[in-house]
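Colleague: Got a structure here, written out as structure tokens. Questions coming.
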Amino acid sequence: MKHKQLLDLDSQENQNIGAMEIKENGEEEQQIVNPWKVEAKEGGKIDYDKLIDQFGCQRINQSLVKRVRRLTSRAPHVFLRRDIFFAHRDFNEILDAYERGEKFYLYTGRGPSSEALHLGHLIPFMFTKYLQDAFKVPLVIQLTDDEKCMWKNLTVEESQRLARENAKDIIACGFDITRTFIFSDFDYVGGAFYKNMVKVGKCVTYNKVVGIFGFTGEDHIGKVSFPPVQAVPSFPSSFPHLFSGQDNLRCLIPCAIDQDPYFRMTRDVAPRIGYHKPALIESLFFPALQGETGKMSASDPNSAIYVTDSAKDIKSKINKFAFSGGQDTIEKHRELGADLEVDIPYKYLKFFLDDDIELAYIGKEYGAGRMLTGEVKQRLIQVLTEIVERHRRARAAVTDEMVDAFMAVRPLPNMFD
């Protein structure tokens, strides 16, 4: 694959391509990270330091985490204090504005390409719920059913059906209906939203969109025209029923870092059409059971734990497929301990085990060889089974009427209360 050239890019942030291919020592190192593909160099894992350099974002440091604690008067989310949400763009400016008494709103989304979500899909929603509760701010959630229709070769009708099914899983995460608006592109795009799409489209040349997203002459024009659709929820005027007369309102976007190319483009355009640049807070990828070479794949059911998996399924998948950093024999393991850098059961516990003291204990004992892989897997099975069963119960309580209520175009009564 040839190194892509960037053409006619105005801002420093856009001096980076979505499909990241770095050359070192005369050799091409393939690390592809874009909204449609995440792939580490063969046999390796994603190099997030290089990704930060390439994309031009910043690492979240402990001073930011402590500031969040001070401003919200609550413990930072486990994803924040364990560097799972590890990078940002202008998150400090969001906190500055909040400290001055200015509110902001949250925007995140989901591309509905499958009926069942896996745990990796839930991570941005779990974190977004924390942000909504901690800062008491409104939230818009975009269901890009049009995108998946174009990229996954789904029919319009199937994309719309999956959007509603995915909305049920999102609602099951516990969002506050008085502060949350969920919308599908097929249903909502038009009016003020479409006007902003046109404004963005006029600011982005074909060379720019090719440079940022890596489109080729074989891609249909629907793909090339899509980025403004994901950009404009960053602008408050796209939601006149929510933010009429509040065009100066700032937006914070929690997302996985593979979505960064969309918002580099958005941040380049925003000041030119009269808006603040959206701020981002970005997460690592939740690794596949087989190892940390990218993110979970919906096309391989054995790479992921799904919210529809039974307790038996979870136990079987963890025991059979979760890559271990333990040693080949008990004797060797007792001597050398586990390699926590590659051990998937331990990494999953880092995402989902709330108790910091217990996690530190497991890391110490497992890394020293005093705890065996089977014991760590057993604890992970317990943790994930509880999460999945709790989610399943919550989703079962979500009715079609509830979906309609979250997706209704209406004011939010407790938007900033």
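Colleague: Within the range 41-73, count every residue that is closer than 17 Å to residue 261 by Cα and of a type in the set (A, V, I, L, M, F, W, C).
Modeller: The qualifying residues number 5.
Colleague: Assess whether residue 90 counts as being more than 26 Å from residue 154 (Cβ to Cβ), among the acidic types (Asp, Glu) and within 19 Å of the chain's Cα centre (by Cα). Write out each step before concluding.
Modeller: Working: more than 26 Å from residue 154 (Cβ to Cβ): yes; among the acidic types (Asp, Glu): yes; within 19 Å of the chain's Cα centre (by Cα): yes.
The answer is yes for residue 90.
Colleague: Answer yes or no: is there a residue in the range 170-186 that is of a type in the set (S, T, N, Q), free of Cβ contacts under 8 Å to residues at least 40 places away in the same chain, over 19 Å from residue 278 (Cα atoms) and assigned by TED's automatic domain parsing to the domain that holds residue 118.
Modeller: The answer is no, given that none of the residues of the range 170-186 is of a type in the set (S, T, N, Q), free of Cβ contacts under 8 Å to residues at least 40 places away in the same chain, over 19 Å from residue 278 (Cα atoms) and assigned by TED's automatic domain parsing to the domain that holds residue 118.
Colleague: Between residues in the range 322-336 that are within 19 Å of residue 292 (Cβ to Cβ) and residues that are among the aromatic types (Phe, Trp, Tyr), which pairs lie under 9 Å by C-beta distance while being six or more apart or on different chains?
Modeller: 322/348; 325/346; 325/366; 326/366
Colleague: List the number of the failed condition for residue 179; all other conditions in (1) under 19 Å from the mean Cα position of the chain (by Cα); (2) buried (at least 20 other Cβ atoms within 10 Å of the Cβ) hold.
Modeller: Unmet condition: (1).
Colleague: Related question: When the range 328-362 is examined, which residues are found to be within 21 Å of residue 305 (Cβ to Cβ) and part of a helix (DSSP H, G or I)?
Modeller: Passing the criteria: 344, 345, 346, 347, 348, 349, 350, 351, 352, 358, 359, 362.
One line per residue, one yes/no per condition, for (1) surrounded by fewer than 20 Cβ atoms within 10 Å (Cβ to Cβ); (2) of a type in the set (Asp, Glu):
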{"site": "88", "(1), (2)": "no, no"}
{"site": "102", "(1), (2)": "yes, yes"}
{"site": "119", "(1), (2)": "no, no"}
{"site": "129", "(1), (2)": "no, no"}
{"site": "133", "(1), (2)": "yes, yes"}
{"site": "149", "(1), (2)": "no, no"}
{"site": "153", "(1), (2)": "yes, no"}
{"site": "163", "(1), (2)": "no, no"}
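Colleague: Within the range 133-164, work out how many residues are aliphatic (A, V, I, L, M), closer than 29 Å to residue 95 by Cβ and assigned to a helix (DSSP H, G or I).
Modeller: Residues flagged as aliphatic (A, V, I, L, M), closer than 29 Å to residue 95 by Cβ and assigned to a helix (DSSP H, G or I) within the range 133-164 amount to 1.
Colleague: For the range 214-225, state whether one or more residues are in contact (Cβ under 8 Å) with a residue 40 or more places away in the chain and buried (at least 21 other Cβ atoms within 10 Å of the Cβ).
Modeller: no
Colleague: Do you know which residues across the range 93-110 are under 20 Å from the mean Cα position of the chain (by Cα) and either outside the structural domain of residue 139 (by TED's automatic domain parsing) or not hydrophobic (A, V, I, L, M, F, W, C) (or both)?
Modeller: Listed by number, the residues that qualify are 105, 107, 108, 109, 110.
The values are calculated or read from the model by the stated rules, or taken from the named source; none is laboratory data. As the structure is a prediction and not an experimental result, all values here were calculated from the model. Ideal geometry is used to build each Cβ from the backbone, glycine not excepted, and the neighbour counts take in all protein chains shown.
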